[in-house]
Amino acid sequence: MGNRRRVAERRKTNPAVLGGMIAVVLGGTGIGVYALLGSGAAAENGAQSSSSEKAKAVKTGPLSATEVKTAAREFLTAWQQGKVSEAAAATDGTTAAKALLTGYTKDAHITDVTLTAGTRTGAKVPFSVKGTVSYKGTSKPLTYDSALTVVRRAEDGKPLVEWHPGIVHPDLKDGDTLVTGASGTPPVKALDRDGGEITEDEYPSLGSVLDGLREKYGEKAGGKAGIELQVVRGKESKKAELSDKTLVELSKGTPGTVETTLSPTLQAAAEKQVATKSKASVVVLRPSTGEILAAANSSHGFNIAFQGSLAPGSTMKVITSSLLIEKGLASAEKEHPCPKYFTYGHWKFQNDDKFEIKGGTFKASFARSCNTAFISQAPELDDDSLTKQAQQVFGLALNNWAVGVPTFDGAVPVQSQAQMAAELIGQGGVRMNPLNMASVSATVKTGTFKQPYLVAPDVDGRQLAKASRTMSAATLSQLRDLMSYTAAYGTAAEAMSGVTGDVGAKTGSAEVDNQKKPNGWFTAYRDDLAAAGVVQQGGHGGETAGPLVAALLKAGG
């Protein structure tokens with residue numbers, strides 16, 4: 001696509017031509033290919049081999065700077081000279097490396113390659129790539145940065161480049177290829193709900209969304225394909241719902257037009273909000289219709305807002321509460337246990353800071369996000385109770401959403417004992433993303449699940465997912481009361497201060513193994529808006545994701 005960002009070339013030094021051979025410069029020190037020839041012959045001639053000489057010991061331990069530079073130089077020099085077999089042999093993945101490097105010239109039509117190594121950091125060597133993409137008389141420059149890591153082969157101690165496709169281009173995953181030619185799908189011109197063009201330059205978060213729109217609607221929207229260098233996804237990437245990606249556009253195709261539901265005002269606000277955090281993602285919906293009004297991520301690669309798979313923490317208690325109320329195990333105004341600890345399935349669960357609420361109501365436990373208030377009801381539930389509630393009432397975890405671009409629709413697997421109990425508070429096997437949790441708030445607001453969508457279903461006759469049942473009026477009324485009270489007086493109150501209208505909210509913090517701070521979650525609604533966000537490694541949701549979500553609810557007012 002014409003608005004693709006180009007990776008800026010950052011060349012530190014240039015390879016020097018020495019006696020017809022290319023010396024790749026590593027770490028600012030010129031160590032040419034000629035050095036590989038060395039002067040070892042004299043030493044060899046001066047030594048007598050013996051049949052009784054013991055085999056040389058395999059070298060182990062950390063790699064020296066010289067070993068790293070030499071291994072990197074051998075690989076980069078061979079690649080630059082087009083000696084694919086030699087370059088592949090300098091890696092620990094010879095077969096895969098040979099196939100991808102062969103395709104780099106044969107299928108991607110990349111020529112005149114210059115590789116310039118940067119300053120080594122430990123075993124890692126960054127390098128810049130400069131080349132030309134040429135196809136049927138049309139050429140365009142190609143520049144990007146990459147990096148390699150050198151490892152020691154266990155069997156003989158030889159330093160080799162650790163192989164993975166991202167060395168060749170950072171957008172490549174296992175099984176992906178680089179191909180230049182007539183693109184398989186025509187480009188699309190995506191429009192927001194007001195008719196304005198959506199571009200990645202204006203909305204950096206939407207790069208993967210635009211890729212998804214092109215893949216699904218390129219051929220249907222009436223466009224004509226152009227000539228492009230593309231990352232063509234393999235089986236593993238397709239399983240992860242990654243779309244093909246354009247790297248260089250040699251000749252423009254004729255784009256077809258695709259209308260979306262995105263609000264330019266809210267999308268701009270969402271981009272601004274996530275830019276304040278390093279790992280933030282947000283989604284805004286219209287509950288009455290399911291229209292997606294905005295989606296943004298701090299990082300602009302993988303679309304966590306739509307495709308993330310993260311434990312949602314206590315925001316899951318919205319779904320769990322609806323289950324407990326329906327089954328008569330909790331009631332907003334009735335007394336409900338919130339002890340410091342509760343043991344189930346041989347796991348001892350506790351509340352944040354080990355607090356307890358003596359003689360409090362379920363509303364108080366929800367507003368303060370008491371874990372044990374929910375865990376204590378696990379003995380009364382079947383293993384599949386929460387799974388059914390999420391699927392049947394909230395439309396989640398059935399893998400049947402037809403949004404218009406790839407999404408992950410949540411997961412609430414059937415589990416037992418301690419793992420089942422952990423799922424009640426959004427841990428265990430439960431996995432969600434901001435799109436899912438914004439939909440949860442939207443369902444509470446309207447009382448009925450309406451599948452979120454980015455492109456109207458009548459554009460291509462898609463069937464939107466439906467829930468098999470709705471909550472009873474009594475359950476829905478109590479659930480709204482719980483979220484409203486939490487927004488006014490509970491853990492969400494500070495973030496929701498100043499958000500007027502019919503509001504409700506729930507905070508969440510999800511613990512992640514080997515992560516110092518939990519992921520902070522927040523889901524809320526205001527009138528005919530619903531939103532959710534996550535800040536990974538942010539801490540408490542009310543303090544991290546909460547202000548982002550609240551700001552978007554205000555912006556859409």
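Between Lys220 and Asp527, the distance separating the two model label sites (each 7 Å from Cα on the Cα→Cβ line) works out to 3.3 nm. Between Thr289 and Glu380, the contour length at 0.36 nm per residue exceeds the Cα-Cα span by 29.2 nm. With a cut-off of 15 Å, note down the residues of the range 347-371 whose backbone N falls inside the zone around a label point 7 Å from the Cα of Glu335 toward its beta carbon. Within reach of a label on Glu335, which here means backbone N under 15 Å from a point 7 Å along Cα→Cβ, the range 347-371 contributes 357-365.
Here the simple spin-label model places points 7 Å from the Cα toward Cβ, and for Lys354 and Thr60 these points are separated by 4.4 nm. Per-residue Karplus couplings for the range 399-404, computed as 6.51 cos²θ - 1.76 cosθ + 1.60 with θ equal to phi - 60°, are listed in order as 6, 10, 6, 10, 7, x Hz, Gly and Pro entered as x.
In the chain, if the dipole is taken from +1 on Lys/Arg beta carbons and -1 on Asp/Glu beta carbons about the Cα centre, which of Val455, Ala108, Phe75 is farthest to the positive end? Farthest along the dipole direction, towards plus: Phe75.
Peptides 320-327, 140-147, ordered by how many other C-beta atoms sit within 10 Å of their residues on average, highest first, read 320-327, 140-147. Remark: spin-label model distance Leu191-Thr119 equals 5.1 nm, labels positioned 7 Å along the Cα→Cβ axis.
The charge dipole of the range 188-256, taken about its Cα centre with unit charges on the Cβ atoms of Lys, Arg (+1), Asp and Glu (-1) only, comes to about 400 debye.
In a fully extended conformation the segment linking Gln417 and Thr138 would gain 94.1 nm over its present Cα-Cα distance, using 0.36 nm per residue. Pairs of lysine residues in the range 188-256 that meet both criteria, 8 or more places apart or on different chains and Cα atoms under 24 Å apart, total 21.
A helix-only calculation puts the chain at -8000 deg cm²/dmol for mean residue ellipticity at 222 nm, using -39500 (n - 2.57) for each DSSP H run of at least four residues, averaged over all residues. Under 16 Å from a label point set 7 Å out along the Cα-to-Cβ vector of His346, the amide N atoms of the range 408-429 belong to 416-422.
Distance from the alpha carbon centroid of the range 416-470 to that of the range 156-196 works out to 31 angstrom.
Contact order, relative form, for the range 188-282: 37 percent (alpha carbon pairs under 8 Å, 6 or more residues apart, mean separation divided by residue count).
Tell me the relative contact order for the range 108-195 as a rounded percent, counting alpha carbon contacts under 8 Å between residues six or more apart. RCO, the range 108-195: 21 percent. Normalised by the number of residues in the chain, the mean separation of alpha-carbon contacts (under 8 Å, six or more apart) gives a relative contact order of 11 percent. Taking the average, over residues, of other Cβ atoms within 10 Å as the packing measure, peptides 128-137, 290-299 rank 290-299, 128-137 from highest down.
No lab work stands behind these numbers, since they all come straight from the coordinates. What you see is a predicted model; the values in this text were computed from it and never measured. Virtual Cβ from ideal backbone geometry, glycine too; neighbours counted across all protein chains shown.
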